[in-house]
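See structure below.
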Amino acid sequence: MEEKTKCLFCASEHKTPQECIEHMKQHGGFDLQQLKEQWKLDFYDTVKCINHIRSCISRNICPNCNTTFNTAEENLAHIERDNHYSVRKDAAFWKNAQLLIPVIDADPLITHFVDDV
């Protein structure tokens, strides 16, 4: 089933959440499934992670180091150059319940993990 899924870091869209996850692994080394397993993230933490990255990217902020940029292109160039395709385990956003509210309505990347509840 096709569910157009936007990459967390760039403007690319993919036919399915799984294709998007594969894209992020190949083009940035960001493996959401591995991060989830490694850090033992439950569904709600996974949602916070996705929404944190989406929120930061939409505001031209690096989700890893919180540096603000003037454009999305500058932000992505920084993320690529400094390999900031991730989040920090000790970041304050993990405690932010507001991040349980989706940045993208019916975000297929979030619903992909709903079976984990």
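The values are calculated or read from the model by the stated rules, or taken from the named source; none is laboratory data. Fair warning: this is a prediction, and the values are worked out from it, not measured in the lab. Here the Cβ is made from the backbone with ideal geometry for all residues, glycine too, and neighbour counts use every protein chain on show. Keep in mind that these areas ignore ligands, DNA and RNA; they rest on the heavy atoms of the full protein, side chains included. Shrake-Rupley method; radii C 1.70, N 1.55, O 1.52, S 1.80 Å.
Residues of region 28-51 that are over 17 Å from Asp107 (Cα atoms), open to solvent by less than 60 Å² (accessible area, probe 1.4 Å) and part of a helix (DSSP H, G or I): Gly28, Leu35, Lys36.
Residues that are surrounded by 19 or more Cβ atoms within 10 Å (Cβ to Cβ) and over 21 Å from Thr111 (Cβ atoms) are absent from region 12-27 altogether. Looking at this structure, is Leu109 touching a residue at least 60 places away in the same chain (Cβ under 8 Å) and out of contact with any helix residue (DSSP H, G or I) (no Cβ under 6 Å at 6 or more places or on another chain)? No. Entry remark, region 77-103: residues being in a loop (DSSP other than H, G, I, E, B), free of Cβ contacts under 8 Å to residues at least 40 places away in the same chain and of a type in the set (Gly, Ala, Ser) number 1 in total. Residues in region 4-20 that are in contact (Cβ under 8 Å) with a residue 60 or more places away in the chain and in a helix (DSSP H, G or I): Pro17, Gln18, Cys20.
Here Val47, Val114, Val103 are screened, and the one residue that is modelled with pLDDT under 95 and within 20 Å of His14 (Cα to Cα) is Val114.
Taking interchain pairs and intrachain pairs at least six residues apart, which have beta carbon atoms under 7 angstrom, with the first residue in region 29-55 and basic (Lys, Arg) and the second surrounded by 15 or more Cβ atoms within 10 Å (Cβ to Cβ) and not in a helix (DSSP H, G or I)? Pairs found: Arg54/Leu8; Arg54/Val103. The set of residues from region 104-117 being surrounded by fewer than 18 Cβ atoms within 10 Å (Cβ to Cβ) and in a loop (DSSP other than H, G, I, E, B) comprises Ile104, Asp105, Ala106, Val117.
Filter region 2-11 down to the residues that are in contact with an Asp or Glu (Cβ under 9 Å, 6 or more places away or on another chain) and open to solvent by 30 Å² or more (accessible area, probe 1.4 Å), then identify the one that is farthest from Glu74 (Cα to Cα). Applying the filter and picking the extreme gives Lys4. Within region 76-98, if we keep just the residues that are farther than 24 Å from Thr16 by Cβ, open to solvent by less than 60 Å² (accessible area, probe 1.4 Å) and aliphatic (A, V, I, L, M), the residue that is farthest from the chain's Cα centre (by Cα) turns out to be Ala77.
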